[in-house]
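Below is one structure, written out as C-alpha cells; the observations come after it.
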Amino acid sequence: MYRLNVFDYFSSAHQLKGYQGRCEAVHGHNWKVEAEVEGDVIDDIGLLMDFKHLKSILKDVIDRLDHVMLNDLKEFRNVNPSSELIAKHVYRQMKDMLPASVRLFSVTVWESENAKAMYYE
C-alpha cells in the first residue's frame, strides 16, 4: 500500500452560530488543508499518482472556499462551517475526482497551528 500527502491553503471567514464564545462572531482563518490518498498499484515509472495532479485536484476544491464568507455558501447554509465539516466537504468533493486506482484516505483541516480536524470514510 502506498500513501501520498499534499497540502494547500485558503483564507476565509466564518462564524459558528450557537457557539457560546468568541467564535460565534464573524472571524477569519488562514486554513491549511491536507489530502492523503492511498493505493496498491503504481504505474510503469513508479508513481501511484502524479503529485502535480493531486495538488491540482485539491486546489480546484479549496479555491471555491477562498476569500468568501463560508456561512454564505450553499454547503454551509444549514450547518456551521466548522473545521470538521469543512474537512468532510473537501473530502466529498475530492473523492470522485481521483483516478480509479487511487482512494482518498483522509482530509485534514487546520484552522490554526495547533488545532485541526480530520475526516475519512
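Of the residues making up the range 67-121, those that are over 11 Å from the mean Cα position of the chain (by Cα), outside any strand (DSSP E or B) and among the aliphatic types (A, V, I, L, M) are VAL68, LEU70, LEU73, VAL79, MET97, LEU98, ALA100, VAL102. Among the conditions (1) surrounded by 15 or more Cβ atoms within 10 Å (Cβ to Cβ); (2) under 13 Å from VAL6 (Cβ atoms), LYS52 misses just one, which is (1). For the range 2-50, filtering for residues that are closer than 26 Å to ASP63 by Cβ and either in contact (Cβ under 8 Å) with a residue 40 or more places away in the chain or in a strand (DSSP E or B) (or both) leaves 31.
So if I check each of GLU75, GLU38, GLU34, which one is touching a Pro at 6+ places or on another chain (Cβ under 9 Å) and either at pLDDT 95 or above or surrounded by 15 or more Cβ atoms within 10 Å (Cβ to Cβ) (or both)?
Numbers: GLU38 fails: touching a Pro at 6+ places or on another chain (Cβ under 9 Å); GLU34 fails: touching a Pro at 6+ places or on another chain (Cβ under 9 Å).
Of GLU75, GLU38, GLU34, the one residue that is touching a Pro at 6+ places or on another chain (Cβ under 9 Å) and either at pLDDT 95 or above or surrounded by 15 or more Cβ atoms within 10 Å (Cβ to Cβ) (or both) is GLU75.
Would you tally the residues in the range 83-92 being surrounded by 18 or more Cβ atoms within 10 Å (Cβ to Cβ) and touching a strand residue (DSSP E or B) at 6+ places or on another chain (Cβ under 7 Å)? So the answer is 6. The set of residues from the range 1-31 being among the hydrophobic types (A, V, I, L, M, F, W, C), surrounded by 12 or more Cβ atoms within 10 Å (Cβ to Cβ) and within 28 Å of ASP50 (Cα to Cα) comprises LEU4, VAL6, PHE7, PHE10, TRP31. Kindly establish whether LEU58 is at pLDDT 95 or above, assigned to a helix (DSSP H, G or I) and of a type in the set (A, V, I, L, M). The answer is yes for LEU58.
Which one is nearest to ALA100 (Cα to Cα) among residues in the range 1-43 that are in contact with a helix residue (DSSP H, G or I) (Cβ under 8 Å, 6 or more places away or on another chain) and polar (S, T, N, Q)? By that ranking, first place goes to SER12. If you go through the range 54-99 and keep only what is small (Gly, Ala, Ser) and under 18 Å from HIS14 (Cα atoms), you end up with SER82, SER83, ALA87.
For residues that are in contact with a helix residue (DSSP H, G or I) (Cβ under 8 Å, 6 or more places away or on another chain) and not aliphatic (A, V, I, L, M), scanning just the range 104-121, find the one that is nearest to GLU36 (Cα to Cα). It would help to see each step written out before you state the result.
In the first step, residues of the range 104-121 are kept if they are in contact with a helix residue (DSSP H, G or I) (Cβ under 8 Å, 6 or more places away or on another chain); the result is 104, 106-111, 115-121.
Pick out the ones that are also not aliphatic (A, V, I, L, M) and you get 106, 108, 110-111, 116, 119-121.
Values: SER106: 5, THR108: 8, TRP110: 14, GLU111: 18, LYS116: 15, TYR119: 11, TYR120: 10, GLU121: 12 Å.
Among residues in the range 104-121 that are in contact with a helix residue (DSSP H, G or I) (Cβ under 8 Å, 6 or more places away or on another chain) and not aliphatic (A, V, I, L, M), the one nearest to GLU36 (Cα to Cα) is SER106.
For the range 18-27, does any single residue satisfy the condition of being of a type outside the set (S, T, N, Q) and within 18 Å of the chain's Cα centre (by Cα)? Checking the range 18-27: not a single residue is of a type outside the set (S, T, N, Q) and within 18 Å of the chain's Cα centre (by Cα).
The values are calculated or read from the model by the stated rules, or taken from the named source; none is laboratory data. Here the structure is a predicted model, which means the values were calculated and not measured. A quick note on method: Cβ atoms are made from the backbone with ideal geometry, for glycine too, and the neighbour counts reach across all protein chains shown.
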